[in-house]
1. Would you kindly derive the ³J(HN,Hα) couplings of segment 22-29 from the backbone phi angles with the Karplus curve 6.51 cos²θ - 1.76 cosθ + 1.60 (θ = phi - 60°), listing them in order in whole Hz, with x for Gly and Pro?
2. Leaving ligands, DNA and RNA out of it, report the carbon-plus-sulfur percent of the accessible area of segment 18-81 at a 1.4 Å probe.
3. Hey, could you grab the Kirkwood Rh for segment 18-81? Inverse mean 1/r over distinct alpha carbon pairs, Å, one decimal.
4. Please give the residues of segment 25-48, grouped as numeric ranges, whose backbone N is less than 19 Å from a label point set 7 Å along the Cα-to-Cβ vector of residue 63.
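The values are calculated or read from the model by the stated rules, or taken from the named source; none is laboratory data. None of the values given here were measured: they were computed from a predicted structure. Using ideal geometry, Cβ is built from the backbone for each residue, glycine included, and neighbour counts are taken over all protein chains shown. These area figures cover heavy atoms from the full protein model, side chains too; ligands, DNA and RNA do not enter into them. Shrake-Rupley method; radii C 1.70, N 1.55, O 1.52, S 1.80 Å.
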Amino acid sequence: MTTRPALGTLAATTAGDSDEYDRERLLAQYHRERARRALVLDSIRAHLDEQPSPRAVRASARRWVADLLAIAEKVAKNKMEHPE
């Protein structure tokens, strides 16, 4: 097992080491994001499966969508007011 330098340090000895480290870091980030998405979608699916009728499933899905869009609007507004 190889050790990795702490984030923010310039300890890589060659460009190849640095590129490999960056690739591994991006790949790990990609897997974390996919796992988070899968957990969220599985949670929503479980909630929809608990609904008693097709009509209730659709109504619940519409509420999920409305809530998600409201969150997205708040986040987008915050990013416009406080750009990084």
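1. Calculated HN-Hα couplings, in order: 4, 5, 4, 5, 5, 5, 5, 5 Hz.
2. 58
3. Taking the inverse mean of 1/r over all distinct Cα pairs, segment 18-81 comes out at 14.5 Å.
4. Answer for segment 25-48: 40-48.
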